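These notes are about the structure you will find just below.
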Amino acid sequence: MPKINELDSKILKNLLQDGRTGYYEIAKQCGVSKNKVWKRCRAMEKRGIIKGATTQMNFGHFGYEALATLLISVEAQQMEQVMEFIGKITEARAYRQYNSVYNVRAVATLRDLNELDHVKQVIKRKLPTMGLKTYIWTGVRNIPENLNLTGTLKDTSESNQRNSIKAIRTLGDRIIIDELDKQIVGKLTLDGRASFTKIAKEIGLSTDTVVKRYHKLTEKGAIKVSIQINPNKIGYTSILDFNIAFTTPGGLSEPIVESLAKIPDVIIITKTSGDYDLQLTAMIRDIAQAFAIQDQIARICGITKVEASSRKIPDRWPTPQQYISTF
């Protein structure tokens, strides 16, 4: 049974696309009153479905040269130690993986590629690892609004249509981001829907200055605000991560990417270097859906190899400072 109705789904998808969308604008798109949208949001907050709002970031604008996935194989009793240690030596998020030889997955933000070599050396020297693989990210498609929130065919159809006409973000040259910009982003990371007046007062700027800086950051593709939800409250049970390889002339095939982006509940697609061409993340409700997604991936022409692993869903998602879409 669907955990939320069609109106709630439309509201959430709007706020996952842009967490600062006003109730009036959502009401116009949904064909209901502003007051009704406000009431539905309050009701979802009380049920624990809406948990807050945060930012996605393009780390290149903030002085980071690369992002990387580290897959680490350790003995089960060493996992907590390894994840804690990784968080201390680099800016990384570490997760426990299931159903994979590599039982720890970490995503690291790197000031330069030399930092990755340093991290690998430290891990091999200091930790009881049995295996280590790394993949450099070359692009990200972050599409939280692709969640099939109601589980109905209509919701799926609308989600696929939206992704099929999605304009690819053009980021252009990196912009200069100063300490005041970083302070604004920090406030929005904690509360993406905080009023500009409140942020201005806390930082010591005028509201107009905060508004102008926010629009500069969003228009240049440096940040995006998204609401946060608790996926467990609407029936999701786990996250699946796929490593995907394919054979196409000249490397990456955009038709393959677009086909993957149309699969409901696929939320992140990452272009990578190494043994695999893409990493794909999907949120699932049950084992039947896990099999269905793997079957959909396998049917896409050109895909030659797929490896899957699973991990737990956080109770507040998207997590703070995920990676904004770059393609």
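From the set of residues in the stretch 272-293 that are farther than 25 Å from residue 326 by Cα and not β-branched (Val, Ile, Thr), which is surrounded by the fewest Cβ atoms within 10 Å (Cβ to Cβ)?
Looking only at the stretch 272-293, we keep the residues that are farther than 25 Å from residue 326 by Cα, and these are 285-292.
From the residues that got through so far, the ones that are not β-branched (Val, Ile, Thr) too are 285-286, 288-292.
Details: 285: 17, 286: 12, 288: 9, 289: 20, 290: 17, 291: 11, 292: 15.
If we take residues in the stretch 272-293 being farther than 25 Å from residue 326 by Cα and not β-branched (Val, Ile, Thr), then 288 is surrounded by the fewest Cβ atoms within 10 Å (Cβ to Cβ).
Go through the stretch 273-297 residue by residue and tally those that are in a loop (DSSP other than H, G, I, E, B) and not small (Gly, Ala, Ser).
Total meeting the criteria: 5.
Scanning the stretch 217-241 for residues that are surrounded by fewer than 16 Cβ atoms within 10 Å (Cβ to Cβ) and either touching a residue at least 40 places away in the same chain (Cβ under 8 Å) or touching a Leu at 6+ places or on another chain (Cβ under 9 Å) (or both) gives no hits. Selection over the stretch 89-104 of residues that are part of a loop (DSSP other than H, G, I, E, B) and free of Cβ contacts under 8 Å to residues at least 40 places away in the same chain gives a count of 3.
Against the list (1) touching a residue at least 12 places away in the same chain (Cβ under 8 Å); (2) under 20 Å from the mean Cα position of the chain (by Cα), the condition residue 210 fails is (2).
You will find that of 263, 300, the residue that is under 30 Å from residue 45 (Cα atoms) and either in a loop (DSSP other than H, G, I, E, B) or among the aromatic types (Phe, Trp, Tyr) (or both) is 263 and no other. Of a type in the set (D, E, K, R) and not in a helix (DSSP H, G or I): is that true of residue 224 in this structure? So residue 224 fits the description; yes.
Since every read-out is calculated from the coordinates, none of them should be taken as a lab result. Quantities reported herein were computed from a predicted structural model and do not represent experimental measurements. Virtual Cβ from ideal backbone geometry, glycine too; neighbours counted across all protein chains shown.
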